[in-house]
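Read the figures in this text as sums done on the coordinates, not as results from a lab. The shown structure was predicted, so the numbers you read here are calculated from the model rather than taken from an experiment. With ideal geometry, Cβ positions are generated from the backbone for all residues, glycine too; neighbour counts draw on all protein chains shown.
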Amino acid sequence: MTSREIIQAVLAFADPPRIGLQLAQPHTNDILFGWRQSKPPELLPTQGNEAWRRKDEWGVTWASLTEYDKGEVVAGAIEDWAQLADYSPPDLGQTECYAEATSQFAADKERFRLGGLDGLTFKIAQGLRRLDNYLCDLALQPEKIARLHEMVRAELLKNIDAWADAGADGVMFWEDWGTQDRLMISPEMWREVFRPEFEVLVGRARQRGLAVIMHSCGAVDAIIDDLIEVGVSCLQFDQPTLHGIDHLSNRYGGRVAFWCPVDIQRTLQTRDETKIRSEARELVEKLACFGGGFIAGHYSGDAALGLPPETQRIADAAFEEFAALNG
């Protein structure tokens, strides 16, 4: 089987010969990422101890205290609701922005071709308003939030359609919903406000024949059943032990696939080869025993973890060694 066929079988629980692998060289990587070519950010003068400050194509200002992390939103593009009427979002449907990825996908049909979405509604809307404002808005300004979401959703539907037209096999979005012990908002509000957004956007992707992979940090157990019901194919968790590997297997195994590295918060931080190898094997044995269902991952930011590359190389080698132990 090709790498593409293996990932498709992993997601479909169709008895692949091994787990999926998304590891660093020289190890196996079954997945080819494609990215929309967006307008370069506008570099801004730094303030205080900032390492950088820049404004993205949505008009959102980001800053960071380090050179290597993604920063955080320090100024939204619509911090005053009066700005919404005249705000123009970037056009996520421009074909030329996907030309490079389309060419890459056409040239590499051996791997699973995955298009990166800008986010889903929550990620983009919170940036436009800035998170502190946005969380208050959800309770106090539902009509304004609905108008903001409608605008964002329209662009994301273009984003999804463009990836289908580019030849992607699936799309992936990064949207952090959890704190260390609970969802960022109540599950009831999530179902009222955001589940309809997921139904529309994930539904469009599935209609276009795309698998849907969602990354989220934090404890999101309260909505995993909902995510499965709306059609999310795979959950990418960098902290699998936060949920409990046994819990993920016992409650959700065979219903949704998981894509995980060895836990970046608890296990990789020990730098203990025995513990890292043991968790790699446990992830394979407990999440890939349903005729598929597991992709072993490599976290891309060693510097952000404060770890030397050698630590994840232990995990990568272990995942490749145990790749066929999928039940």
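Of note:
- Other residues whose C-beta falls under 14 angstrom from the C-beta of residue 182 contribute a net charge of -4, scoring Lys and Arg +1 and Asp and Glu -1.
- Stokes-Einstein diffusion coefficient of the range 1-106, Kirkwood radius over Cα pairs, 20 °C, 1.002 mPa s, in µm²/s: 121
- Within the range 205-308, trypsin sites (Lys or Arg not before Pro) in DSSP loop having at most 13 other beta-carbon neighbours inside 10 Å: 255, 271
- For the range 29-91: rounded, prolate or oblate by the Cα gyration tensor [a/c cutoff 1.5]: oblate
- Principal semi-axes in Å for the chain [√(5λ), Cα gyration tensor, largest first]: 32, 22, 21
- A simple count of charges around residue 39, restricted to other residues whose Cβ falls under 13 Å of its Cβ and scoring Lys, Arg +1 and Asp, Glu -1, yields -3.
- A cut-off under 15 angstrom between Cβ atoms defines the neighbours of residue 211, and their net charge, with Lys, Arg +1 and Asp, Glu -1, is +4.
- Angstrom value of the Kirkwood radius, inverse mean 1/r, which spans all Cα pairs in the range 239-327: 12.9
- Alpha-carbon Debye profile of the range 24-164, log10 I(q)/I(0) at 0.12, 0.14, 0.20 Å⁻¹: -0.60, -0.79, -1.21
- Proxy reagent accessibility, fewest Cβ within 10 Å first, across 136, 289: 136, 289
- Straight-line cross-link partners of residue 275 among the lysines, defined as a Cα under 25 Å from its Cα and at least 8 positions apart when in the same chain: 286.
- Beyond 26 Å, the tail of the calculated P(r) for the range 123-262 holds 25 percent of the Cα pairs.
- Cα-based helix-to-principal-axis angle, 309-321 vs the chain, degrees rounded to 10: 50
- Semi-axes of the equivalent ellipsoid for the range 183-309, Cα gyration tensor, largest first, Å: 27, 16, 14
- Cα-only Debye scattering, the range 119-198: base-10 log of I(q)/I(0) at q = 0.14, 0.24 Å⁻¹: -0.51, -1.25
- Candidates per trypsin sites (Lys or Arg not before Pro) in the range 27-75, loop by DSSP, up to 14 other Cβ within 10 Å: 70
- Inter-part distance, the range 203-217 to the range 261-287, computed on C-alpha centroids, equals 27 Å.
- Stokes-Einstein D in µm²/s, Kirkwood radius over Cα pairs - the range 197-250 at 37 °C with 0.692 mPa s viscosity: 276
- Proxy reagent accessibility, fewest Cβ within 10 Å first, across 194, 294, 122: 194, 122, 294
- Mean separation of Cα contacts under 8 Å (6+ apart) over length of the range 1-108, as relative contact order %: 17
- Rg(Cα)/(2.2 N^0.38 Å) for the range 140-183, N = residue count: 1.59
- Of all beta bridges that DSSP places with both ends in the chain, some 30 percent have antiparallel geometry.
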